[in-house]
1. Could you state the number of Å between the C-alpha centres of the range 197-266 and the range 40-66?
2. Please compute the modelled spin-label separation between residue 130 and residue 372, points set 7 Å along Cα→Cβ, answer in nm with one decimal.
3. As I understand it, the value is the acute angle between the Cα axis of helix 285-297 and the longest principal axis of the Cα atoms of the chain; what does it come to in degrees, rounded to 10?
4. Does anyone have the angle between helix 160-171 and the longest principal axis of the chain? Alpha-carbon axes, 0 to 90°, nearest 10?
5. For the chain, give me the percentage of DSSP beta bridges that are antiparallel, rounded to the nearest 5 percent.
6. So for 177, 341, fewest C-beta neighbours within 10 Å to most, what's the order?
7. Rounded, prolate or oblate: which one fits the range 41-115, using the alpha carbon gyration tensor with axes a ≥ b ≥ c (rounded when a/c is under 1.5, else prolate when a/b beats b/c, else oblate)?
8. Would you pull out the residues with amide H under 5 Å of residue 254's amide H, same chain only if 5 or more places away, H placed 1.01 Å from N?
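What follows is calculated from the coordinates using simple rules that are stated; it is not laboratory data. Bear in mind the structure is a predicted one, so any value in this text is a computation, not a measurement. Cβ coordinates were reconstructed from backbone atoms using ideal geometry, including for glycine residues, and neighbour counts include every protein chain displayed.
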Amino acid sequence: MTDLFLENARVVDPQNGVDRKASLLISAGKIAAIDPDAVPSDAKRYDLSGKVVTPGLVDLHVHLRQPGGEEDETIDTGTLAAVAGGFTSIACCPNTQPPLDTQASVELVRQLALRAKHCRVYPLCCISKNREGNELAELGVLFAAGAAGCTDDGSPINDAELMRRAMEYSLMFNKPILSHAESSPLDKGGVMHEGLVSLELGLRGMPAAAEDIMVARDINLAEITGARLHIMHVSTAGAVAAVRRAKERGVQITAEVTPHHLTLIDEALRSFDANFKMNPPLRSAEHVEACVQGLLDGTIDAVSTDHAPHAPEKKMREITIAPFGIIGLETALPLMLEKFIHSGLMTWPQLIERMSLNPSRILNLEKGSLAVGADADITVIDPDLEWTFTESEIHSKSRNSPWIGRHFRGRAVMTIVGGEVRYQLS
């Protein structure tokens, strides 16, 4: 493996309190030295003047669709989209066909990811068998097979007793329960956020209460059991407030928010464009502001994409029957740079903490660090590069993004995984 020398960059490593101009030597897949006294003559040099070097970005919440949904995405195309977006590690959800509820299915995903050789993939297994919410999956076997956590994402666990037992089992393995917090009876048949816009458009709404109720229930169960609870795709002011109060009481809870729930509101649905249809839905402005403030004050720990690819023929259907979700791996970092870095709302260490260090901690991954001896999983960012997100450059197999044609400033220009350059912007 060729040694790499990254020089003249701004190095940002929140875990180790680093934010300064520095150079990194990478050898044998590890961080060998910071500002080394000597560099091997055969090392490949990269002058990164004007660039920002960070620990590799980590996404807690990705849908790779394989097995069973290869018309939407494959592990190969999804992980290629990940490295193109600067992500070196991703956790993939188990709502595949068949679902990831057996040892063989978890091992299959891991093997296909190794074969694709783009980014690291950590499968999330099902909480319930077949994601039906009726019978607990064999969590011990699934964790032994390599599952990093468990969730029935896409489907809520309506049975509180089942969720409680899942939490109790997870304690034995120190794994997080990732909750898709939604009261499905309240959201049944819904298309968008319930509010004035849905009323004016004549579309069935999905009330904020549907999320708030389930977040409150799962917090109570986590408090009873002592389990590690992670709330996925937070989208309501009520959920943010509930997580904040739970943290103050010492509940072992973390939460994530998506770029689209930080940057878009329900008014976008006036276009009747299904690329703005997602679950949880785009909320009204006061909910978006609550999510932004929650991320800023640390109530919300991480930014996750909820990358949800769908083949064009599915998203082209009328909005009431088109599937929920959008792709997000390749636009997450540019959106966060625009929203938080260029605006001055966050510092670089704060953003990287939420996009690398905290997600790593939530899943117990030894990532999110540029310390000597750490895996050389690195994202190189050009914060000032002007570019336009076009359909032709999308690496995902699907194209369901509301940001096609959007002009951005800043993006990942190189992604290094285990000391190997897996993506470099040409």
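1. 31
2. 5.6
3. Approximately 40 degrees, to the nearest ten.
4. Roughly 20 degrees, rounded to the nearest 10.
5. Counting DSSP beta bridges with both partners in the chain, the antiparallel share is about 55 percent.
6. Listing 177, 341 from fewest to most nearby Cβ atoms yields 341, 177.
7. Prolate is the answer for the range 41-115, as a/c is 1.5 or above and a/b outweighs b/c.
8. Under 5 Å from the amide H of residue 254: 229, 230, 231.
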